[in-house]
């Protein structure tokens, strides 16, 4: 089957790798304008506009806003309606994800310096978080768990989920996942109108402090536009995996690991890098043999042909150079001593260590979050986590002696910035010169 | 002097408070278009465009890009040129800020579950950070320390500072602060062109992974537009303080604390809330008496008249309700038992505890960062910190037994999402059914 073949020793390797991995978010001016119209309408007309957009974009016939609300009983009913194996798996996955995320929780801290001045940070959860869950074909119950559970672990007061129901159809497994994750309220709304409602609030949809979760180009643009009014998570690009293999893993396993990424959509990117040329050929053989056995064969063929690659490196260090250059969302180190090699990784969303850790396990249930930085944003950002639903307030409590000493430092700096009121405010607290107060 | 007077018992209190504190970032479509033109020019023509924009906007006559570089010697020279008191104060402030921030550093962590599967997060610093420092009138050396030191403490490989030099003038104290903070490189460029150069890199200016620091409307818009290519800090609104006082602090101190906020600019907001009506009058008297003694009298009069307020509350709990409603950038708890009351604060950028802790001490040297979430964004965001210059990679290393057990959970979930390659990739790792490999 078709895919790119490169070698790090190729004269044009840098250029070809750059072209292959280039991805820039399309920001369409027309989409931007339509989204800002939708946001304005929701701000001005609230629930009425929300009903109009929902009827138009999701082909529904809603008369009253209450038809867009899914109650707690309906979530529980869905949980009991899905197959038992799915329910058990959802609950097992949720337990593991919850356990892992509990270890991410940040605690308040404080200390006193020699002057008795208290310094620290007070950590608190968000009051309310909004979770966007795509509806229709791309309905992923695992995303509900991965987005809602960190918020719940953080202690967020209320987790509000929105998910469109195109033609009135709601995905039972998604609702069941919401029940398992402890989502507090669900609205069957989607698109830019749902993001606007969460950001600004309507009579029915409560305004939240942060909006997380994936969505289409309208949802992404709406999140960008409401950023500042509320917090948002990263805006995700196509999903990617980079597999590094020393040539000793079963090539069928590696082929299927690449396919598990490629099957997401035509823009997904699956790359294998190895110093073993014969192994790359064996993986190519496995891919050719296995692709026909998969439901999403055509998507896999397209994404492997357009954006996939098998790369021959000089040695394992050369492989790690490519890792740090690409800063991949998913990195699989299918090799001996993977834990040792991982210490050389400077940028990656998630690192899957060893031959028995395919990305798919992390996607569903290993524990860590599957919402990860894409498109090389792992250079500066992190997996979604409990820390995204907590915030910090600095704590400063000066003793009279500490204040006096600090004022001696602050005063000349404030005066160098021509901020006299700052200087005077500080100088009032200088103990040795009580007369300063009367200046 | 003129300012707003409100009482929480007023019939129209909620509305008046909302109007008083309303602030929405002006996003001008024309500014947006000009900024995207500038970014495109920098991407396409690099250093040449950077020289053109700098000459035009900063009224300079630069011929060669090397004229925009400030070397390490020049920074040290500035440090030796400024008055000794300023130098000592800068160094003392830097030492305290560094010490506090060292306590924020996140460490990698990992554990093994009962199956021997390794889980955790690997924490790494950014490779390179960019720091924007406004030039000209609003040149604040303290901002250099507050933005650069957390990056250095995080272990960022290279900290690059940009600051415009209008008419060729550079602020010595700003350069001295860069020397004290250990900034690695400085360019005298500013505006959207500097942000674009940092985000995309030119032949001379290295591309960075994250851009932090305050700036004017063009800088803010440019940061918004490059967000995604690089990380950015929050886009700040006008600075604010909310002082809660039980009526037992010297009213002159409180008046000056309010002024220290109001003197920043005409849009700054300084609000006092107290349950003691007579105390509010005494503070008003102090304000009237003291305002004339200050360099920035006119700015203070304007901001207090437009956006300042003295608010009478029912009691101290009522004061705390206002705190959590406004989520202020700076919160001063000038009252008995401030530490106890602070525990009731859900949202604030920084909490200044007790009568001896004016905001001015935190602005310069107490230790915590002075870059804080404004405009109620403390509801979902935090002070700038070391954590903003670190990122995490999830670690997952399955033992064969652990992988097998996880695959049993992942497989039905993947199949419920119609992701067969995910399911098959997981199933290959099931130990009990070696035949699955041949499916």
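The values are calculated or read from the model by the stated rules, or taken from the named source; none is laboratory data. In this text, all values refer to a predicted model and were calculated from it rather than measured experimentally. We place every Cβ from the backbone using ideal geometry, glycine too, and count neighbours over all the protein chains shown.
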Item checked: Count - residues of segment A:378-389 that are facing chain B (nearest Cβ under 8 Å) and in contact with a helix residue (DSSP H, G or I) (Cβ under 7 Å, 6 or more places away or on another chain) -> 1
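Tell me the helices (runs of 4 or more DSSP H) entirely within segment A:214-329 that contain at least 3 residues that are touching a helix residue (DSSP H, G or I) at 6+ places or on another chain (Cβ under 9 Å), at the interface with chain B (Cβ under 10 Å from one of its Cβ atoms) and at positive phi.
Working: elements: A:217-226, A:251-262, A:277-290, A:297-307, A:316-326.
So the answer is none; nothing clears 3.
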Notebook entry, point to check: Within segment B:79-87, is there a residue that is assigned to a strand (DSSP E or B) and within 29 Å of the chain's Cα centre (by Cα)?
Noted result: no
Note to self: Regarding segment A:322-335, can at least one residue be identified that is over 26 Å from the mean Cα position of the chain (by Cα), at pLDDT 95 or above and in the same structural domain as residue A:251 (by TED's automatic domain parsing)?
What the structure shows: yes
Notebook entry, point to check: Which condition number in (1) more than 29 Å from the chain's Cα centre (by Cα); (2) in the same structural domain as residue A:292 (by TED's automatic domain parsing); (3) assigned to a helix (DSSP H, G or I) is the one that residue A:19 fails?
Noted result: (1)
Next item on the list: Scan segment A:333-377 for residues that are in contact (Cβ under 8 Å) with a residue 24 or more places away in the chain, under 16 Å from residue A:322 (Cβ atoms), crowded, with 23+ Cβ neighbours inside 10 Å and within 7 Å of chain B (Cβ to nearest Cβ) and report the count.
Entry: 2
Notebook entry, point to check: Tell me, which strands (runs of 3 or more DSSP E) lie completely within segment A:102-209 with 2 or more residues that are closer than 30 Å to residue A:403 by Cα and more than 18 Å from the chain's Cα centre (by Cα)?
Noted result: A:109-112, A:118-125
Notebook entry, point to check: For residue A:37, all conditions in the list (1) touching a residue at least 12 places away in the same chain (Cβ under 8 Å); (2) assigned by TED's automatic domain parsing to the domain that holds residue A:189; (3) part of a helix (DSSP H, G or I) hold save one; what is the number of the exception?
Noted result: (1)
Margin query: Against the definition (in the same structural domain as residue A:87 (by TED's automatic domain parsing) and within 17 Å of the chain's Cα centre (by Cα)), how does residue A:219 come out, yes or no?
Written below: yes
Next item on the list: Report yes if some residue within segment B:163-180 is touching a strand residue (DSSP E or B) at 6+ places or on another chain (Cβ under 6 Å), assigned by TED's automatic domain parsing to the domain that holds residue B:223 and more than 24 Å from residue B:85 (Cα to Cα); otherwise report no.
Entry: no
Check: Quick check: anything in segment B:406-422 facing chain A (nearest Cβ under 8 Å) and in contact (Cβ under 8 Å) with a residue 40 or more places away in the chain?
Finding: yes
Notebook entry, point to check: Can you name the number of the only condition in (1) within 11 Å of chain B (Cβ to nearest Cβ); (2) in contact (Cβ under 8 Å) with a residue 40 or more places away in the chain; (3) out of contact with any strand residue (DSSP E or B) (no Cβ under 7 Å at 6 or more places or on another chain) that residue A:50 fails?
Noted result: (1)
Checklist line | residue B:63, sole failed condition from (1) at pLDDT 95 or above; (2) within 8 Å of another protein chain (Cβ to nearest Cβ); (3) farther than 21 Å from residue B:154 by Cβ | finding: (2)
Notebook entry, point to check: Applying the selection to segment A:116-134, what residues are in contact with a helix residue (DSSP H, G or I) (Cβ under 7 Å, 6 or more places away or on another chain) and more than 10 Å from every other protein chain (Cβ to nearest Cβ)?
Noted result: A:116, A:130, A:131, A:132, A:133
Margin query: modelled with pLDDT of 95 or more and either away from chain B (no Cβ under 11 Å) or touching a helix residue (DSSP H, G or I) at 6+ places or on another chain (Cβ under 8 Å) (or both): which single residue out of A:169, A:205 fits that description?
Written below: A:205
Next item on the list: Determine the pairs where a residue that is within 14 Å of chain A (Cβ to nearest Cβ), located within segment B:69-87, has a partner that is assigned to a loop (DSSP other than H, G, I, E, B) and surrounded by 13 or more Cβ atoms within 10 Å (Cβ to Cβ) with Cβ atoms under 9 Å apart, the partner being 6 or more residues away or on another chain.
Entry: B:78/B:170; B:78/B:171
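Restrict the check to segment A:390-398 and report whether at least one residue is within 25 Å of residue A:159 (Cβ to Cβ) and more than 7 Å from chain B (Cβ to nearest Cβ).
Filtering segment A:390-398 for residues within 25 Å of residue A:159 (Cβ to Cβ) gives A:390-393.
Restricting the remaining residues to those that are more than 7 Å from chain B (Cβ to nearest Cβ) gives A:390.
Within segment A:390-398 (the criterion being within 25 Å of residue A:159 (Cβ to Cβ) and more than 7 Å from chain B (Cβ to nearest Cβ)), the answer is yes, since at least one residue qualifies.
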